[in-house]
Amino acid sequence: MPTRRAHIHAPLPPHYKLNGKKAFSLVLGPLFFAACLFLLDGFEFPVQAAVGLLLWMCVWWVLLPVPVAVTAFLPIIINAFLDLVPMSSVTGKYFSEITILLLGADLLSISWEKCGLDKRLAIRALCVIGPRINQQIIVWFMLATLLSMLLPNAVVCAVMIPIAISMLKFVGETDIRQSRIAAVIMVAIAWGSGIGGLGTPLGGAMNLVAVDYFEQLTGQEYAYVSWSLHLLPMLAVICILNLALIFSIKLDKKTLPGSKDFFLAEYAKLPAMNRDEKIGLFIFCLATVLAFLRPLYASLLPGLKPAYVFLLLGMLVIITPSCKKERSSLLSWKEAEQGVLWGLLFIFAGGTALGAIITDTGAAAAIAGIVSHLNLTGGFITILVFTAFTVMLAETASNTAAAAIALPIVISVTQTAELNPIPYIYITSAAFNAAYMLPTSIRAIPLGYGLSPGFLFQHGVNQTVATIFLISVAGWLLMKFWPYFCTI
């Protein structure tokens, strides 16, 4: 079975070789940056530079004149020259909690490959899901959505994508970078992991920001079940739209090679699980369960967050003895060094570092100021502006930053206009959970496994535009025809 790490020491892929088009793309990023410094003369220099950096990174991530991981280091380089924000707030993102979580999850997935667990999980997934592509998309998307209601979306995405990749490689989709089917399944997992957080307040820190504002407005404790009752209808229609747009992506075939009976027969041929596989599966399940049960031990071990659980158990596979004579442990350190998807870690970190610069320089606040001065008096246009503004913040900064910046503006504008802020907060909450097109946050994870940033951006734009419109329409209809939506 081909390994997912075969490309690490390979020559630079042909699409990175410099030609006229790539040279133009290479120069275009800095040109956008310079244009912002000269044209955004109504803003302070740090704001101009932050917006310019955003455009520069977007151009390079989409047009690929350099590898995506190289682009991810631009926040450090630009900040070193221009001193936009304290450097610690930028460099700290390159080994943040989520980066640590991804490292731990990667160590676990490498150990699966070494003991053969990845092949077993891949065939089992095919036995359960079947070979039809549409069925694959639905199952991966909905499973990611459901799990991310209760688990951190980064955990869900980091755990599910390696299993999907193993399944695809088993059926012959070995060139993940060129496989359109792999691209569709990876974005389905990433997008499902992202939007699923809308289902409960436990879906992410951004939702807890909204809960805090509800409690400030009402002066009473907010019941978590109320969140789900208000927003599950919204989540349902968003999921239907997202799936419809994923299905609209043209594929060269409708089924994966093989039938369900074939996969069942292949699974029956596998030998009984050996000790290494059992331990590898147990450690993986333990990491997932501990992340899920975090509230039960948070007071006893406040520092043991899911990121550190995954790192701890990732280290455990390196020191756990193997049952195979030719191996000393489930995973050797040399295998870990060679196998970790370092590019994935850097891409994710670069996106969060960009978000920190946009937030800390005041660029996000400057844009927020423009929104707050618009003549918004309620109704559909107000909802559309709030939604579009919040989604763009979630794309460029982070979901939590989008919540922290957008919600005070929404509350201020609605109270000034003597409107009930409650439904607008719910609608805004749907918006800061919806981000699809840029390789920031969890959308960086599939890029580390070979997804093209251009593919993500091209189809993510469609999802973003459609979802903004859908949230706005659905929110307006719920406000108008469902009185409960306007209450806590």
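For Ala403, are the conditions met, namely being touching a residue at least 60 places away in the same chain (Cβ under 8 Å) and under 24 Å from the mean Cα position of the chain (by Cα)? Considered against the rule, which asks whether it is touching a residue at least 60 places away in the same chain (Cβ under 8 Å) and under 24 Å from the mean Cα position of the chain (by Cα), Ala403 comes out as yes. If a residue has to be open to solvent by less than 50 Å² (accessible area, probe 1.4 Å), more than 21 Å from Leu251 (Cβ to Cβ) and in a helix (DSSP H, G or I) to count, how many in the range 146-161 make the cut? Qualifying residue count for the region: 8. Inside the range 174-228, residues that are polar (S, T, N, Q) and assigned to a helix (DSSP H, G or I) make up a count of 6. Taking the condition among the β-branched types (Val, Ile, Thr) and farther than 30 Å from Lys250 by Cα, does Ile110 pass? For Ile110, the condition - among the β-branched types (Val, Ile, Thr) and farther than 30 Å from Lys250 by Cα - is met. Taken over the range 333-359, the criterion of being crowded, with 16+ Cβ neighbours inside 10 Å and either outside any helix (DSSP H, G or I) or without any contact (Cβ under 8 Å) to a residue 40 or more places away in the chain (or both) is satisfied by Val340, Leu341. Criterion applied to Leu393, Leu478 was being within 21 Å of Ser96 (Cβ to Cβ) and among the aliphatic types (A, V, I, L, M), and the one residue passing it is Leu393.
Scanning the range 401-453 for residues that are open to solvent by 20 Å² or more (accessible area, probe 1.4 Å) and over 24 Å from Leu235 (Cα atoms) yields Ser412, Gln415, Thr416, Ala417, Glu418, Leu419, Tyr449, Ser452. Among the candidates Leu54, Leu31, which residue alone is of a type outside the set (Asp, Glu) and surrounded by fewer than 22 Cβ atoms within 10 Å (Cβ to Cβ)? Exactly one of Leu54, Leu31 is of a type outside the set (Asp, Glu) and surrounded by fewer than 22 Cβ atoms within 10 Å (Cβ to Cβ), namely Leu31. Which pairs do you get when a residue that is farther than 11 Å from Val317 by Cβ, found in the range 281-293, comes within reach of a residue that is open to solvent by 40 Å² or more (accessible area, probe 1.4 Å), reach meaning Cβ atoms under 7 angstrom, with the pair 6+ apart or on two chains? Close Cβ pairs (under 7 Å, with a partner that is open to solvent by 40 Å² or more (accessible area, probe 1.4 Å)) amount to Ala291/Pro152; Phe292/Leu150.
In the range 69-85, the residues that are in contact (Cβ under 8 Å) with a residue 60 or more places away in the chain and under 20 Å from Ser441 (Cβ atoms) reach residues that are aromatic (Phe, Trp, Tyr) and surrounded by fewer than 17 Cβ atoms within 10 Å (Cβ to Cβ) with C-beta atoms within less than 9 angstrom, at least six apart or across chains, in these pairs: Ala69/Trp342.
Out of the residues in the range 360-375 that are in a helix (DSSP H, G or I) and modelled with pLDDT under 85, state the one that is surrounded by the most Cβ atoms within 10 Å (Cβ to Cβ). Out of the qualifying residues, it is Ala364.
For beta carbons closer than 7 Å, sequence separation of 6+ or different chains, a first residue in the range 109-132 that is in contact (Cβ under 8 Å) with a residue 40 or more places away in the chain and open to solvent by 30 Å² or more (accessible area, probe 1.4 Å) and a second that is among the aromatic types (Phe, Trp, Tyr) and not in a helix (DSSP H, G or I), there are no qualifying pairs. If only residues of the range 376-397 that are within 15 Å of Thr467 (Cα to Cα) and among the polar types (S, T, N, Q) are counted, the one that is surrounded by the fewest Cβ atoms within 10 Å (Cβ to Cβ) is Thr387. Residue count for the range 167-208, restricted to those that are under 26 Å from Ala236 (Cβ atoms), surrounded by 20 or more Cβ atoms within 10 Å (Cβ to Cβ) and touching a residue at least 60 places away in the same chain (Cβ under 8 Å): 16.
Given the residues Ser398, Ser412, Ser372, which is the only one that is under 24 Å from Leu103 (Cβ atoms) and small (Gly, Ala, Ser)?
Testing whether each residue is under 24 Å from Leu103 (Cβ atoms) and small (Gly, Ala, Ser) leaves just Ser398.
The one condition from (1) open to solvent by 50 Å² or more (accessible area, probe 1.4 Å); (2) assigned to a helix (DSSP H, G or I) that Cys323 does not meet is (2).
With a requirement of 2 or more residues that are of a type in the set (Gly, Ala, Ser), out of contact with any Phe, Trp or Tyr (no Cβ under 6 Å at 6 or more places or on another chain) and exposed (fewer than 14 other Cβ atoms within 10 Å of the Cβ), the helices (runs of 4 or more DSSP H) lying completely within the range 241-302 that satisfy it span 260-269. Pairs meeting the criteria (first residue in the range 137-157 and touching a residue at least 60 places away in the same chain (Cβ under 8 Å), second residue open to solvent by 10 Å² or more (accessible area, probe 1.4 Å) and not in a helix (DSSP H, G or I), beta carbons under 8 Å, at least 6 apart or on different chains) are Leu150/Thr200; Pro152/Gly204; Asn153/Gly204. Residues in the range 221-242 that are over 19 Å from Val209 (Cα atoms) and more than 22 Å from the chain's Cα centre (by Cα): 1 in all.
Cβ separations smaller than 6 Å between residues 6+ apart or across chains give the following pairs from the range 88-104 residues that are farther than 9 Å from Leu345 by Cα and touching a residue at least 60 places away in the same chain (Cβ under 8 Å) to residues that are assigned to a helix (DSSP H, G or I) and among the hydroxyl-bearing types (Ser, Thr, Tyr): Lys93/Thr352.
The values are calculated or read from the model by the stated rules, or taken from the named source; none is laboratory data. It should be emphasised that the depicted structure is a prediction, and the values quoted were computed from it without experimental measurement. So basically every Cβ, Gly included, is an ideal-geometry build from the backbone, and we count neighbours across all protein chains shown. To get the accessible areas, we keep the full protein, side chains included, count just its heavy atoms, and leave off ligands, DNA and RNA. Shrake-Rupley method; radii C 1.70, N 1.55, O 1.52, S 1.80 Å.
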